[in-house]
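J.: One structure, pasted below without further comment.
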Amino acid sequence: DVVYSHNFPDFALFRDKQTSEYRTLAQMFINLSRQYKIPHVLLHADYPLAHELKADGVHLTSTQFDAISEAKKLGLYVIISTHTHEEAYKAQELGADAITYSPIFPSPDKGEPKGLEDLKEIVAKIKIPIFALGGITTEEQINAVSTTCAYGFASIRYFIS
């Protein structure tokens, strides 16, 4: 995953749910991201490993709200996945630095899309940065997301399609 805000890469996230070599690949990803001077390098879900490998932060899953404070104690930048306004408020209250909010557009196996109006509504209510996520595959969608004042967007398919 690469997350863009303001049209340049600010964040890079290593996420691989299948490999048995996660630690090795994560370290390689961090090193490579540092070579390319990516400002924020994150690992998916594993905040102790993110701290150990000196990543800048972690992108927690929507089932890891209890890990926000632990990850923050380790000095990590914490983004957590949210799918409802209630989850977004909870993330903010628990001290997350940012959230992903999804799915904005149709995305395989991700449920009913939230849409741009809902994204605008949550952006207006939440004080921490919000990354739009889910189904973002075209320049037109990126431009549409930018009209919501979301901090940025995250995508896999946009970058590998």
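The values are calculated or read from the model by the stated rules, or taken from the named source; none is laboratory data. Model, not experiment: these values are computed from the prediction. Note that we place each Cβ from the backbone using ideal geometry, even for glycine, and neighbour counts take in every protein chain shown. Heavy atoms of the whole protein, side chains included, go into the accessibility calculation; ligands, DNA and RNA do not. Shrake-Rupley method; radii C 1.70, N 1.55, O 1.52, S 1.80 Å.
J.: Quick one: which strands (runs of 3 or more DSSP E) lie wholly within the range 1-94 and hold at least 2 residues that are under 22 Å from Ile136 (Cβ atoms) and either touching an Asp or Glu at 6+ places or on another chain (Cβ under 6 Å) or among the hydroxyl-bearing types (Ser, Thr, Tyr) (or both)?
T.: Because the criterion is at least 2 residues that are under 22 Å from Ile136 (Cβ atoms) and either touching an Asp or Glu at 6+ places or on another chain (Cβ under 6 Å) or among the hydroxyl-bearing types (Ser, Thr, Tyr) (or both), the strands (runs of 3 or more DSSP E) in the range 1-94 that meet it are 2-5, 40-44, 77-82.
J.: Exactly one condition in (1) surrounded by fewer than 16 Cβ atoms within 10 Å (Cβ to Cβ); (2) over 13 Å from the mean Cα position of the chain (by Cα) is false for Ile156; which is it?
T.: Here Ile156 clears every test but (2).
J.: Looking only at the range 119-161, count how many residues are part of a helix (DSSP H, G or I) and either within 18 Å of Thr84 (Cα to Cα) or β-branched (Val, Ile, Thr) (or both).
T.: Total satisfying the criteria: 10.
J.: Just a yes or no: is a residue in the range 84-93 of a type outside the set (Lys, Arg), open to solvent by less than 40 Å² (accessible area, probe 1.4 Å), modelled with pLDDT of 95 or more and within 14 Å of the chain's Cα centre (by Cα)?
T.: Scanning the range 84-93, I find at least one residue that is of a type outside the set (Lys, Arg), open to solvent by less than 40 Å² (accessible area, probe 1.4 Å), modelled with pLDDT of 95 or more and within 14 Å of the chain's Cα centre (by Cα), so the answer is yes.
J.: Let me ask another. Every residue in the range 18-33 that is modelled with pLDDT under 95 and touching a strand residue (DSSP E or B) at 6+ places or on another chain (Cβ under 8 Å), please.
T.: Ser33
J.: Here are Ser102, Ser161, Ser107: which of them is under 25 Å from Val41 (Cα atoms), of a type in the set (Gly, Ala, Ser) and at pLDDT 95 or above?
T.: Exactly one of Ser102, Ser161, Ser107 is under 25 Å from Val41 (Cα atoms), of a type in the set (Gly, Ala, Ser) and at pLDDT 95 or above, namely Ser102.
J.: Quick one: is Pro129 within 17 Å of the chain's Cα centre (by Cα), crowded, with 17+ Cβ neighbours inside 10 Å and either within 28 Å of Leu32 (Cα to Cα) or without any contact (Cβ under 8 Å) to a residue 40 or more places away in the chain (or both)?
T.: No, not satisfied.
J.: Of the residues that make up the range 10-18, is at least one open to solvent by 70 Å² or more (accessible area, probe 1.4 Å) and not charged (D, E, K, R)?
T.: Yes, the range 10-18 contains at least one residue that is open to solvent by 70 Å² or more (accessible area, probe 1.4 Å) and not charged (D, E, K, R).
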